[in-house]
Each structure stands twice: as structure tokens, then as C-alpha cells.
Amino acid sequence: MPFRGTEDAVLAYVPRTIPLTVTTTEAKGLAATVDLAGRLAGHGYSVAPHLAARQVRDGRHLAGLVAELREAGIDGIFVIAGDVAQPAGGFPDALSLLEALDANGHHFRHIGIGGYPEGHGSIRQELIDRAIELKARYATHVITQLCFDAATTVAWARRLRERGVELPIHVGLPGAVSRQKLIRISAGLGLGQSARFLRKQQNLFWRFFLPGGYSPDRLAERLAPRVYDPGSNLRGFHLFTFNELEKTESWRRTMLIRAGYHT
């Protein structure tokens, strides 16, 4: 997240071999995201900033963002609608932004879109499924929203493949973050107020505050055997660090060693 101290923390704890994303927050807007992404790219990281469609004012604004990212040597983006209540311009959703990028031309080699294993609190499931089919033609991969049930994620990934979406899927899961901090920070990510966030993640609240309700170890271990399952297109994990970079990187290395890999 583009907060004070993020750049220094990345340099201190994250190897340059780890690809990064930079979120767009409702409070700070797109400028902070693109600026931090550019600085991290200058340090040698592969960075994909989030482009929140509802924060893009118009085609000229979009062209400026694309030019700025090209100048910074950034060839990947993650396109989302964003949770701003009223769009700043003519892009109400991710699909409209993707269509504009395609129509006007761009240099991006990697374009991620969001996946919703547990659906969305304010959008019917059929509409979500149809939207991802339409977005998939412009994208190279899918990154899922948070879901704390491995079986739900696997079933969703299989259903997506059955609908003809064959993009590789990276499962989004939190790293080594406390339950309390994850709830507190998530609500301010640009996902909106706590109520909106919890509506989208319907099983989140009670799971987090039951004893032992969430462990990144357990979730990763349950999902790992499904990665590269030909029936689901699951291809890896995307760690939401919530800026807990030191702890998450330490946890990642520990998990790799436990699985028999050398870091």
C-alpha cells in the first residue's frame, strides 16, 4: 500500500526477485499508487500498480497514466473497478477501462483482473461470472479477492474454467498479518467502509474472531495441492501483505523451506 515508509520497507525486506503490486486506496488516489510503483521499478522490482477504473477521470487521464507507466518501465497492471461510490468519469467498471486500453493501444504485457470466489455483496453472481468472461479477453491472469475457505476457492476456479475462462488464477491470501490488523486495514484500503468490506467477504468477520479462526499456514497448505490442477487453472498465490513486509517475507521463506524448496 502506498503509505509512508512503504518504499523503505520494501527495500529492506523484499528480494528484487519478488514481483510486487501496489494498491490504489480511496483516500490517496491513483497518483500515489503510480508514483510508488515508479520508484520501486527504479529500484529494480517488477511492479504492477492497481488501476481503479472509477478513479480515472477520462481518456486523457488514462493516456497520461499509461504514458507515465511506460516511462517508468512498468509493463504490468491490475485493473479493478474500485469502490469509490461515484465514478470520477466515464469508467464505471473494470471492463470499460480494459476496453478503452485496448481501443487506444498500450504497452502492457501483463494485465490482471479480479476474481470473486465468494461473490460480491452487492452484485448478483451471474453478473459477476459474465463480467469475468468479458474481461478475460483483455487480461493475462486472475487474482482472487480474499477467501478463507480453500474448498470454495477450488470450486469457483473449476466453475470458471467450465465457463471457458482459461486464464491462470493466483489465489489471493493474507500473509503473516494479525486478525485485528487485517480487519482494520482492509476497511481502509479503498474497499470502502467496514460494512461494505464485510458485505463482500460474508464469512470474514466470524471466522476471524473465533479462536484459531485464521491461519495463513493452514490456508496455504490446503490450497497448495490444488495448484497446477488441470481442472482449475490455479497457478500460485498472491500474498496481500497489508504492509507487514518483514513478517510476511519471513513467513514465505519458512513455508518454502517446509515444502522442501530452498530460498
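Things worth noting here:
Yes/no per residue for (1) within 30 Å of residue 243 (Cβ to Cβ); (2) open to solvent by less than 10 Å² (accessible area, probe 1.4 Å); (3) among the β-branched types (Val, Ile, Thr):
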| residue | (1), (2), (3) |
| --- | --- |
| 123 | yes, no, yes |
| 131 | yes, no, no |
| 135 | yes, no, no |
| 143 | yes, no, yes |
| 151 | yes, no, no |
| 157 | yes, yes, no |
| 161 | no, no, no |
| 169 | yes, yes, yes |
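- Evaluation of residue 53 against (1) within 28 Å of residue 99 (Cα to Cα); (2) surrounded by fewer than 22 Cβ atoms within 10 Å (Cβ to Cβ); (3) touching a residue at least 40 places away in the same chain (Cβ under 8 Å); (4) not hydroxyl-bearing (Ser, Thr, Tyr) (one fails), failing number: (2)
- Every residue from the range 207-263 that is among the charged types (D, E, K, R), over 17 Å from the mean Cα position of the chain (by Cα), closer than 25 Å to residue 23 by Cα and modelled with pLDDT of 90 or more: 246, 247, 249, 252, 253
- Qualifying residue in the range 13-20 (condition: within 21 Å of residue 110 (Cβ to Cβ), free of Cβ contacts under 8 Å to residues at least 60 places away in the same chain and of a type in the set (S, T, N, Q)): yes
- Output for the range 96-136, where each listed residue is touching an Asp or Glu at 6+ places or on another chain (Cβ under 8 Å) and more than 21 Å from residue 169 (Cα to Cα): 107
- Filter pass, residue 79 being part of a helix (DSSP H, G or I) and either touching a residue at least 60 places away in the same chain (Cβ under 8 Å) or farther than 12 Å from residue 20 by Cβ (or both): no
This table checks each residue for (1) at pLDDT 95 or above; (2) out of contact with any Leu (no Cβ under 8 Å at 6 or more places or on another chain); (3) part of a helix (DSSP H, G or I).
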residue: 90; (1), (2), (3): no, yes, no
residue: 97; (1), (2), (3): yes, no, yes
residue: 106; (1), (2), (3): yes, yes, no
residue: 128; (1), (2), (3): no, yes, yes
residue: 131; (1), (2), (3): no, no, yes
residue: 153; (1), (2), (3): no, no, yes
residue: 160; (1), (2), (3): no, yes, yes
residue: 177; (1), (2), (3): no, yes, no
residue: 182; (1), (2), (3): no, yes, yes
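- The residue of the range 82-107 that is nearest to residue 132 (Cα to Cα), among those that are surrounded by fewer than 21 Cβ atoms within 10 Å (Cβ to Cβ) and within 17 Å of the chain's Cα centre (by Cα), is 95.
- Considering 32, 27, the condition of being modelled with pLDDT of 95 or more and surrounded by fewer than 20 Cβ atoms within 10 Å (Cβ to Cβ) is satisfied by 32 alone.
The values are calculated or read from the model by the stated rules, or taken from the named source; none is laboratory data. Not measured: the values here are computed from a predicted model. As a convention, Cβ positions derive from the backbone with ideal geometry for all residues, glycine included, and neighbour counts pool all protein chains shown. With ligands, DNA and RNA removed, areas are computed over all heavy atoms of the protein, side chains included. Shrake-Rupley method; radii C 1.70, N 1.55, O 1.52, S 1.80 Å.
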